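Notes follow the structure.
The values are calculated or read from the model by the stated rules, or taken from the named source; none is laboratory data. This is a predicted model, so every value here is computed, not measured. Neighbour counts run over all protein chains shown; Cβ positions are idealised from the backbone, glycine included.
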Amino acid sequence: MHSPNQQSERRILLSAQAEMRQERGFTMRQRELDLVPGLTVKISEVTLLPKTEFDVIASESSLQCLLPMVGEIRLESGMRVELGELWSQFKPKNGRLSVSNPFSKESVHFLRIEIPSLSYFPETFSPFRFENIKDRISPIFTHRDGGEYFRISVGNLGGRKDVEFPSQASSVALVLSGAMEYQNCLLEQGDCLALNGACTLEMEALSEETLVLILEFAAKEEKSEDPLRN
C-alpha cells in the first residue's frame, strides 16, 4: 500500500475505548468524534433485545441516521427499516424518536449516527445492497448546502483487496465487520479512524468479508474543494 497523505492528522479510537452504556432492554457503544473544531459527530452501535424500545434524542440540531446491521427496526410511525436501508431525518435539539425491536425472540443491532446540521431534511430512505458493492466503496447519502457537506459511504471488501477512495473532507471510518489495513493502521471490528482534511483513503481487507462505513464531513467554516467533484 502507498503511504497516506501525511498532511491529514490521524486519530484512532479502538472498540474497547468506546463508551459503553447498558440499561434494561438495550446495550449501546458510543463514540464522539470532533471531525472539525467545535462540531462533534456521534456514532453509536445499539443492540435491542426482543420487544424493547430505544429513544433517540438529538443532543443538538442534527441529521439523525439509522442503519440496521442485524434484523430490522420499527419506527414509532410503524415504518420498518431493514438491512440494506439507511433511514435519515432532521431533528431539532432535544427532538425525540422511538425505535423498537419488532421481534419476539431475536435481538436487533443497528447504527445511529448524529451529524450536526442546521439544514432541514425530510424523512429519507437510502437503499443499497452489500452484494452490489463488492470490493468497492459506494456513497449512499450525500448532502451539500453552501460550505456544509457530508457524505456517508459503505464498502464490502474481500480478503487482500486493495481499494482507494477519494475523500473530499475530514472523515471517520468505522469497521462494521472483519479487519482491514486502513491508512497503514490495523483496524478490527468496532475500531474507528478519524482524519482531519481531505485525502485519498487507502485500505486493504484482511478478512474474507470486511464491511466498512465512511463518513465525510465539512462544516461551513471549513474550507475545502468542491465536495461533489470526484
Within the stretch 174-193, of all residues that are in contact with a helix residue (DSSP H, G or I) (Cβ under 8 Å, 6 or more places away or on another chain) and surrounded by fewer than 19 Cβ atoms within 10 Å (Cβ to Cβ), the one nearest to residue 19 (Cα to Cα) is 190
Every residue from the stretch 48-61 that is part of a strand (DSSP E or B), more than 18 Å from the chain's Cα centre (by Cα) and not charged (D, E, K, R)
48, 54
Residues being surrounded by 14 or more Cβ atoms within 10 Å (Cβ to Cβ), touching a residue at least 60 places away in the same chain (Cβ under 8 Å) and either of a type in the set (D, E, K, R) or in a strand (DSSP E or B) (or both) - total across the stretch 143-173:
12
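Every residue, every condition in (1) surrounded by 20 or more Cβ atoms within 10 Å (Cβ to Cβ); (2) touching a residue at least 12 places away in the same chain (Cβ under 8 Å); (3) in a strand (DSSP E or B), yes or no:
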site: 20; (1), (2), (3): no, no, yes
site: 46; (1), (2), (3): yes, yes, yes
site: 63; (1), (2), (3): yes, yes, yes
site: 73; (1), (2), (3): yes, yes, yes
site: 104; (1), (2), (3): no, yes, no
Taking the stretch 119-142 as the search range and keeping residues that are farther than 12 Å from residue 86 by Cβ and assigned to a strand (DSSP E or B), which one is modelled with the highest pLDDT?
137
Residues within the stretch 48-58 that are over 20 Å from residue 123 (Cβ atoms) and without any contact (Cβ under 8 Å) to a residue 60 or more places away in the chain, tallied
4
Given the criteria modelled with pLDDT of 95 or more and surrounded by 15 or more Cβ atoms within 10 Å (Cβ to Cβ), does residue 90 qualify?
no
Out of curiosity, is residue 98 assigned to a strand (DSSP E or B), over 30 Å from residue 78 (Cβ atoms) and of a type in the set (S, T, N, Q)?
no
Evaluation of residue 52 against (1) modelled with pLDDT under 95; (2) surrounded by fewer than 18 Cβ atoms within 10 Å (Cβ to Cβ); (3) of a type outside the set (Lys, Arg) (one fails), failing number:
(1)
